[in-house]
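*Asks:* Sharing a structure, written as structure tokens. Questions coming.
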Amino acid sequence: MREQIAQPHGWLQILLPLVIFGVIMAIRAPRLMRLRPLNIDRLWIVPAIYCGVVALIFVQRPPSVTGWGIAALGLLAGAALGWQRGKTMRIEHDLATGQLMQKGSIWAIVFIAVLFALKTISQNEGSALHLDVTLLIDGLAALSLGVFSAQRLEMYLRATRLMKSAQV
């Protein structure tokens, strides 16, 4: 008779990813809070890569009709959240160099931390709450795509307006 190996469950399954995320954010936060160059020609790269990831998720495990509805809602909610996150990013035009500069805000970091915590908890506790984990993954993947895309779109539009006003 084969013994079944118990998978780690409970608080460790939730706490470990959150601690790892916290350490990574603690390391990255000072860099995110510094003024650094913004290249608006590259803002499309992260959303394009993540769009490919989400497409791969949907191709490997096509959503049901309900799944598509949840994904659409997730995309819309993510777009709204991403737009707000994009607005928290400070963008300046350095008149001396003509370069656009960006600086993250503490609210952008807190925003990402809260989204990551919600995603981790919902994925780990979804089945315990009798939720369809597949629907959660579809919705959260689309939500993330909406956040990344709308944030960068908002930053692009604001940066181009800033460049045009500097040329006048």
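The values are calculated or read from the model by the stated rules, or taken from the named source; none is laboratory data. Worth saying up front: this structure is predicted, and the values here are computed from it rather than measured. Cβ placement follows ideal geometry from the backbone for every residue including glycine, while neighbour counts extend to all protein chains displayed. Side chains included, ligands, DNA and RNA excluded: accessible areas come from the protein's heavy atoms. Shrake-Rupley method; radii C 1.70, N 1.55, O 1.52, S 1.80 Å.
*Asks:* Determine, yes or no, whether LEU100 is surrounded by 16 or more Cβ atoms within 10 Å (Cβ to Cβ), over 15 Å from the mean Cα position of the chain (by Cα) and touching a residue at least 60 places away in the same chain (Cβ under 8 Å).
*Replies:* Considered against the rule, which asks whether it is surrounded by 16 or more Cβ atoms within 10 Å (Cβ to Cβ), over 15 Å from the mean Cα position of the chain (by Cα) and touching a residue at least 60 places away in the same chain (Cβ under 8 Å), LEU100 comes out as yes.
*Asks:* If you check VAL110, VAL133, which single one turns out to be at pLDDT below 80 and touching a Gly at 6+ places or on another chain (Cβ under 6 Å)?
*Replies:* Going through VAL110, VAL133 in turn, the sole match is VAL133.
*Asks:* Determine, yes or no, whether PRO63 is surrounded by 12 or more Cβ atoms within 10 Å (Cβ to Cβ), at pLDDT 90 or above, in a loop (DSSP other than H, G, I, E, B) and not polar (S, T, N, Q).
*Replies:* yes
*Asks:* Output yes when any residue across the stretch 138-149 is modelled with pLDDT under 90 and either open to solvent by 60 Å² or more (accessible area, probe 1.4 Å) or under 30 Å from LEU35 (Cβ atoms) (or both), and no when none is.
*Replies:* yes
*Asks:* For the stretch 118-128, indicate whether the set of residues that are among the small types (Gly, Ala, Ser), in a helix (DSSP H, G or I) and modelled with pLDDT under 90 is non-empty.
*Replies:* yes
*Asks:* Name the single residue, out of those in the stretch 72-88 being modelled with pLDDT of 95 or more and more than 13 Å from the chain's Cα centre (by Cα), that is least open to solvent (accessible area, probe 1.4 Å).
*Replies:* ALA72
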